[in-house]
1. Against the conditions (1) in the same structural domain as A:Ser253 (by TED's automatic domain parsing); (2) touching a residue at least 40 places away in the same chain (Cβ under 8 Å); (3) among the β-branched types (Val, Ile, Thr), where does A:Val236 fall short? Just the number, please.
2. Given the options A:Val226, A:Val238, A:Val202, name the one that is in contact with a Pro (Cβ under 8 Å, 6 or more places away or on another chain) and more than 14 Å from chain B (Cβ to nearest Cβ).
3. If B:Val214 meets every condition in (1) in contact with a Pro (Cβ under 9 Å, 6 or more places away or on another chain); (2) crowded, with 21+ Cβ neighbours inside 10 Å apart from one, which number is that one?
4. Exactly one of these conditions fails for A:Asn67: (1) in a helix (DSSP H, G or I); (2) more than 10 Å from chain B (Cβ to nearest Cβ); (3) out of contact with any Phe, Trp or Tyr (no Cβ under 9 Å at 6 or more places or on another chain); (4) of a type outside the set (D, E, K, R). Give me its number.
5. Tell me whether the range A:139-157 contains one or more residues that are more than 51 Å from the chain's Cα centre (by Cα), assigned to a strand (DSSP E or B), away from chain B (no Cβ under 14 Å) and of a type in the set (Lys, Arg).
6. Quick test for you: out of A:Glu616, A:Glu611, A:Glu629, pick the one residue that is outside the structural domain of A:Thr315 (by TED's automatic domain parsing) and either among the hydroxyl-bearing types (Ser, Thr, Tyr) or modelled with pLDDT under 85 (or both).
7. Regarding B:Gln96, is this residue of a type in the set (S, T, N, Q), assigned by TED's automatic domain parsing to the domain that holds B:Ala307 and surrounded by fewer than 16 Cβ atoms within 10 Å (Cβ to Cβ)?
8. Please work out if A:Ile207 is in a helix (DSSP H, G or I) and within 14 Å of another protein chain (Cβ to nearest Cβ).
Amino acid sequence: MFKKPLNAISVKLIAPLVITFVLAISFCYALFEHNARHLVDNFVEKRAYELAELLVINIETNNTKANLIRVVNSIGSYEDVASLFLVDRPGQYILASNKNRYIDKQLNNLVDLSLKSTLMDAIGQAKNVFTEHLGSHQHKLVYHFNAISMDKRRFQPLTLVLILNEQDLSLALSKFLSPLLLSQTLAIVIAGVFFYIAARIVIIRPINKLVKAIGSARKNNNAISVEHTSNDEFGVLVDNYNELMTSLHNYQSRLIEAKEKSDAATQAKSEFLATMTHELRTPLNGVIGMSELLNGQNLTKQQKYFVDTINQSGTQLLAIINDILDFSKIESGRFELSNIAFSLNDLVQQTCLILEFQAKDKGLKLSFSNNLSPSPSLILGDDVRLKQVLINIIGNAIKFTSAGSVQISIEHASSFQTTDDTKQLEYVIKIKDTGIGLSQDQIDNLFKQFTQADSSTTRKFGGTGLGLAICKQICKKMGGSISVKSTLGEGAEFLIQLSMPIIDTKDVADTPNVNTTDLNSLAHRQDPKHVDELWHQSHFVQNNIPPKVLVVDDTFINLEVVSAILEAEDIEVVRATDGLFAVEEFNNNSFDLILMDCLMPNMDGYQAALEIRHLEDLSNEENELEDTETTAKTRTPIIALTASALQETKDKCVKAGMDDFIAKPFKSDQLITTIKWWLIRNLKD
Amino acid sequence: MNIGAKLGKKSIISFLMASLLLLGGCSDQSNDIKMRIAINPWPGYEFLFLAQEKGFFEEEGLNIELIEMASLADVQRVYVQGRADGIASTMIEAVQAAGITQEPLSVVLIPDYSNGGDIIVANSTIKSVKDLKGKRVGAEIGSLGMFILSQALTREGLSLKDVDIINVEQLNAENSITNNEIDAIVTYPPYSTAIMKHSEYTEIFNTSDIPGDVIDTISIRKSALTEHNPDWPKKFNKAWDKALQYSQKYPQESYQMMADREGISRADFADALTGLKLQTSKESQRALASDQLKDNISKVCSTLEHARSISFKCKNIHSLLTPFIGS
């Protein structure tokens, strides 16, 4: 809260006032004391001379012993007279004193030594002397005079030593000063209190109000106008504050409104795009699938050219639609990454293999070197997305290089240092080409959406201009970055910098299926050639037993495409047009694998998968009871086939008990590899 | 209220309290009030100097200044002028002081009775009090001397009118009689001691003939007692007793000291002491409470009235001059 500073203000205001008052009063008091002291001293001196004069007048001409003693005693009886001595100078003895015991004593015989020296000094002095402040509040007068001697025939030289007390006078003075000090102190206190109250009302209360209003405005995030109570500087401050807050608040609400509108528009656009692309993929599936099937027929050279063109165009269109889908997902915030254990080395190598054909076609040399040491066998991340980025960047490198080479390498990030228990791999994938290169302007715009390095290149090389923007977003999402170094005409080097956790190989061996939520990647990770080799060794081929696959889809054309692709590979196909039929078929026959569409009338793919798994569980239990020797549980792989590439869909599939996921539209070899992999895998299990 | 306000209030209160304490420190301490007592040379009063010298007053927390005057008349005058708070005197001066000032006076102590101390000394022509008729007798008019002379004459059927009274101060007593200015004088130690050194003078009367008539008193202005310190008489009596006890314990030292002050020898001082009867505070208390004291006051006052030496009426003297009982 703001209470401490407020307190400081009141102290700051009052402290100087009180200090000034105290100083002024102290000064007055000191001045008064000084003057009073001076007055007292003057008074005492005058008094001393008056008393001396009184004594002299009384005894000058009436110098009898009795008279002397009477006068001395009488003067001695005054309160301010401490003591007095009348000394005979020639005789050096005390003629009279108000202290009886000293009368007629010789100075030389005095026991009191300080008195003796005082009196001896006195008679030795040449003239009358008044001494101020003789010790504690005492003053001394030494007064010489001549009295007519007792025989009235000569002068008798006498010295009066008068010691005066001013204690009573000082006491009276302090009695007078005390009430003065009291009243002045009271005045300070009253003035201080008055000023404090005034300061609180005039200064601190308005500040408090303002502070409170600002605090509550901050807390509630709205403008509270402060009441205008005075026409002084605070009034102006309050008015200005109110105006400022009102305009700020209006401005802020307009901004929020605009942002909400803009967000809603972007969201709507992204939603639209996601839906549209989804809808576009289903018919495209038919075009690509059918053109591939058609390509397998006996065609004339010209027919084959036409079919290839259809296929290529479909594939290109699919790529564009995929880009748009990815981009709209990123825009709408529905873009999610999966976590899979994978080999970085294998992933880059596979990517190179995929693109090697393109490079060879253009006469380019595509090389890869892994400079990681040690190179971890497995790391955790989204391999599919990383592959997507690599394909894009390497593909671009090939696209924009007409001669020379494209070199790919993996290196440790400069900041990375290996230790025995390193848990995180920080690495850079470098893609260096000898292509046309980029200018600084081009580099600046390179990763922006819908731009290519040069609009003219669009016409020459094609593409949506979304690829690099998507790559950048993916890398960013992965916690890494992508950058480029290039000079126009001298090639370019792309740097993908990422950091991923290292997986202990032993842990992974026990759980080959690290993350089943990532359906799309399980089979896709496999090298198609390797799968093919294994397939030829499997009992399906060796014993010539065709595998039996149940294909479930409500769209006739899809059923046709899939059946044609499978049958071309000597796979027996049983068709079902919805979930209900599928469950019925499963109940009546046994299948090696099921391809399941997700969205179907009567019973959708999820429900069907659930029912099938339920049936399996029941039969497994029966088997366990009947025959303990053949304990192998049967679990028919179910692969989802769907046009939706969203993570939610994948999650839903897993939940329903499905094992893998293929997004429509798919390439025929991709479908075959996946099916084969699952068939082999299922046998091994 | 916020913390700031509380702090402000607290500091203001503490400031107020500090200033009050500061001022409180300046206020008077009643025990420090000084009492000034006028005193004249008389062996009985010397014990007050002894108490002063030995610090018995201080021990009791009393601040006393003894103002030394030459005669009883001077003592009375200083009191009447307001330069003293109390007097050490005979009842005669006490009555006059109370009467003249019309201010209540308290007798706090009776230090002694004159028991032969006050004497009438005469030259060789006079053998007895009866012979004083028509003679010049020195005495302090309106004071103790006249009272004693009056008492002495009354016993012989004479009165003050029968003698020629000449005012002689004690300081001039010796001079006056040796210069043959007077035939007899009423006197007391240490002045009587000096006169009696001359062999031609004889004592024709002393106060042992009128026991209890000449009473010495220590009297204090009543307002000074009630205003500041009602315990004062009690403490004063205590200091008095201490002085008496000290003189009994160390007579040599005490007597020497007191004799020095009187300007006489120790032996003469001891001799002078036989002429009076010292009173302890207990004895003093008893005397103060007795009817005899009241009678004495009446007697003194009426004597003074008859001698026309006072201008006030004696009828309210008992309310003006009162014994302080219970100290």
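1. (2)
2. On the way: A:Val226 fails: in contact with a Pro (Cβ under 8 Å, 6 or more places away or on another chain); A:Val202 fails: in contact with a Pro (Cβ under 8 Å, 6 or more places away or on another chain).
Answer to the selection: A:Val238.
3. Of everything listed in (1) in contact with a Pro (Cβ under 9 Å, 6 or more places away or on another chain); (2) crowded, with 21+ Cβ neighbours inside 10 Å, B:Val214 misses just condition (1).
4. All conditions pass for A:Asn67, except number (2).
5. Looking only at the range A:139-157, we keep the residues that are more than 51 Å from the chain's Cα centre (by Cα), and these are A:139-157.
Now drop any that are not assigned to a strand (DSSP E or B), which leaves A:139-148, A:155-157.
Still in the list and also away from chain B (no Cβ under 14 Å): A:139-148, A:155-157.
Pick out the ones that are also of a type in the set (Lys, Arg) and you get A:140.
Yes; the residues of the range A:139-157 include at least one that is more than 51 Å from the chain's Cα centre (by Cα), assigned to a strand (DSSP E or B), away from chain B (no Cβ under 14 Å) and of a type in the set (Lys, Arg).
6. Details: A:Glu616 fails: either among the hydroxyl-bearing types (Ser, Thr, Tyr) or modelled with pLDDT under 85 (or both); A:Glu611 fails: either among the hydroxyl-bearing types (Ser, Thr, Tyr) or modelled with pLDDT under 85 (or both).
Going through A:Glu616, A:Glu611, A:Glu629 in turn, just one is outside the structural domain of A:Thr315 (by TED's automatic domain parsing) and either among the hydroxyl-bearing types (Ser, Thr, Tyr) or modelled with pLDDT under 85 (or both): A:Glu629.
7. On the way: of a type in the set (S, T, N, Q): yes; assigned by TED's automatic domain parsing to the domain that holds B:Ala307: yes; surrounded by fewer than 16 Cβ atoms within 10 Å (Cβ to Cβ): no.
Here the answer is no, as B:Gln96 does not meet what is asked.
8. Values: in a helix (DSSP H, G or I): yes; within 14 Å of another protein chain (Cβ to nearest Cβ): yes.
Yes, satisfied.
The values are calculated or read from the model by the stated rules, or taken from the named source; none is laboratory data. What you see is a predicted model; the values in this text were computed from it and never measured. For neighbour counting, all protein chains shown are included, and Cβ atoms are generated from backbone atoms with ideal geometry for every residue, glycine included.
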